[in-house]
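Data first, discussion second: the structure below is written as structure tokens.
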Amino acid sequence: MKILGIETSCDETGIALYDGKQKKIIAEQLYSQASKHSKFGGVVPELASRDHVKKLLPLLKMLLEQSETPVSEIDGIAYTSGPGLRGPLLTGASFAHALSYGWSIPCVGIHHMEAHLLINLLEKPAPEFPFLTLLISGGHCLLIKSEELGSYQILGQSRDDAVGEAFDKVAKLLGLGYPGGPLIEELAKKGDPNSFLLPRPMSKEPHLDFSFSGLKTAVLYTVKKQKKEISENFKADIAASFQEAVAETLLIKCKKGLEDNKLEQLVVGGGVAANQYIRERFEKDLKGIKIFFPPISKCTDNGAMVAVAGYYRLKKEQSQKIEIKPKWDLAEI
Ligand code: KG4
Ligand code: ZN
């Protein structure tokens, strides 16, 4: 079963062809608009929608050439139907349904966070349900008990900023570009993670929720307190201390989630999972736990994760009518 996956929930236009039987990504194309939004310090939804409209067809043509697969061999289409930005979601949904109609094949809408989770099923060996899942992206921070395919119990989530959002905001206040995560990670390599003691928000509380806006504010106050001109060394130290505070906070909650639910596997996904420092901290600190991270290129938004999720959905469900859900709780799918 070959599935075409289309991702347009934010500022990446991702398109991929996945062979579910072989568990293999046949071909993929990804176009990032990040540089277009960089000067605004965040994604401008209208610009993002227009760019998706421009890029979808050329990317599809390139994908079909690259895959050397005739359209007649494609069995279904999956697109991100939410959560995400309304305009960008609509472009992907309309494109997917037009293809589905033209090619007379089924089409299904995918929950973006389920796609971030399910891309891990391509790992060898793959995680086996049930497992704990930590999804850390620009819009979400979720701790989930993944009971089985399609059944997700939300154990905790951010009460304010998502982790990626905190990275982006801290990058902005340090005068770095967008997206901030990779820039903070790079800068932090030159800094000392123990130079500033920043809070580990909600880490002493018994629940599994997160809060990252206070951590971001703590960085802001530390920067403001600095009387002298901010040096590159200072910036590197604060980036490293912030990254360490995030890593430790996530670790504390994951350990608790694993213990409370007697789970021995942890599956991590979403853009922030690309952070090498966080990956290494997890490997070092969670002894005896099997940890799954997607390959770095599959952490941030891409079409392959949507195609993989689409394969599992289309095996179970019929084609759906055109639909987008800009706000959508993962526990409700
Ligand atoms: O999953 P994603 O591509 O989009 C959403 O679903 O939101 O995640 C994007 C987020 C951005 O906030 C970006 O700064 C962050 O992931 N990110 C990182 C890294 N790469 C991307 N954060 C920390 N370290 C990274 N290496
Ligand atoms: Zn994402």
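The values are calculated or read from the model by the stated rules, or taken from the named source; none is laboratory data. None of the values given here were measured: they were computed from a predicted structure. Heads up, the Cβs are rebuilt from the backbone with ideal geometry, glycines too, and the neighbour counts pull from every protein chain shown.
Details
- Residue within the range 132-148 that is surrounded by fewer than 19 Cβ atoms within 10 Å (Cβ to Cβ) and in contact with a Pro (Cβ under 6 Å, 6 or more places away or on another chain) present: yes
- Scan of the range 109-129 for residues that are away from ligand 2 (no atom under 16 Å from the Cβ) and within 17 Å of the chain's Cα centre (by Cα), ordered by number: Leu121, Leu122, Glu123
- Some residue of the range 179-186 being more than 18 Å from Val272 (Cβ to Cβ), outside any strand (DSSP E or B) and touching a Leu at 6+ places or on another chain (Cβ under 8 Å): no
- A search for C-beta distances below 8 Å between a residue of the range 177-201 that is on the phi < 0 side of the Ramachandran plot and free of Cβ contacts under 8 Å to residues at least 24 places away in the same chain and any residue that is within 8 Å of ligand 1 (Cβ to nearest atom) and of a type in the set (A, V, I, L, M, F, W, C), counting only pairs 6+ apart in sequence or on different chains, returns Gly180/Phe167; Gly180/Ala171; Leu183/Ala171.
- Candidates Ala247, Ala273, Ala239, filtered to the one that is within 12 Å of ligand 1 (Cβ to nearest atom), more than 20 Å from Asn194 (Cβ to Cβ) and either among the basic types (Lys, Arg) or crowded, with 18+ Cβ neighbours inside 10 Å (or both): Ala273
- Only one of the numbered conditions (1) in a helix (DSSP H, G or I); (2) away from ligand 1 (no atom under 16 Å from the Cβ) is violated by Phe129, and that is (1).
- Tally of residues being among the polar types (S, T, N, Q), crowded, with 18+ Cβ neighbours inside 10 Å and in contact with a strand residue (DSSP E or B) (Cβ under 7 Å, 6 or more places away or on another chain) across the range 59-96: 3
- Taken residue by residue, the range 216-223 has no member that is within 17 Å of Lys253 (Cβ to Cβ), away from ligand 1 (no atom under 16 Å from the Cβ) and aliphatic (A, V, I, L, M).
- Some residue of the range 82-92 being more than 30 Å from Thr249 (Cα to Cα), at pLDDT 95 or above and of a type in the set (A, V, I, L, M, F, W, C): yes
- The one condition in (1) assigned to a loop (DSSP other than H, G, I, E, B); (2) in contact with a Cys (Cβ under 9 Å, 6 or more places away or on another chain) that Leu197 fails to fulfil: (2)
- For the range 284-299, the criterion of being within 16 Å of ligand 1 (Cβ to nearest atom) and at positive phi is met by none of the residues.
- Within the range 224-241, being modelled with pLDDT under 95 and in contact with a helix residue (DSSP H, G or I) (Cβ under 8 Å, 6 or more places away or on another chain) holds for Gln226, Ile230.
- Residues of the range 154-178 classified as touching a Ser or Thr at 6+ places or on another chain (Cβ under 8 Å), outside any loop (DSSP other than H, G, I, E, B) and more than 8 Å from ligand 1 (Cβ to nearest atom), total: 2
Here's the yes/no breakdown for (1) buried (at least 16 other Cβ atoms within 10 Å of the Cβ); (2) in contact with a Lys or Arg (Cβ under 7 Å, 6 or more places away or on another chain):
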{"site": "Phe293", "(1), (2)": "yes, yes"}
{"site": "Ile296", "(1), (2)": "no, no"}
{"site": "Asp301", "(1), (2)": "yes, no"}
{"site": "Ala307", "(1), (2)": "yes, no"}
{"site": "Gly310", "(1), (2)": "yes, no"}
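- Check on Gln153, more than 24 Å from Glu280 (Cα to Cα) and either of a type outside the set (D, E, K, R) or crowded, with 24+ Cβ neighbours inside 10 Å (or both): yes
- Odd one out for Leu134 among (1) in a strand (DSSP E or B); (2) more than 14 Å from ligand 1 (Cβ to nearest atom): (2)
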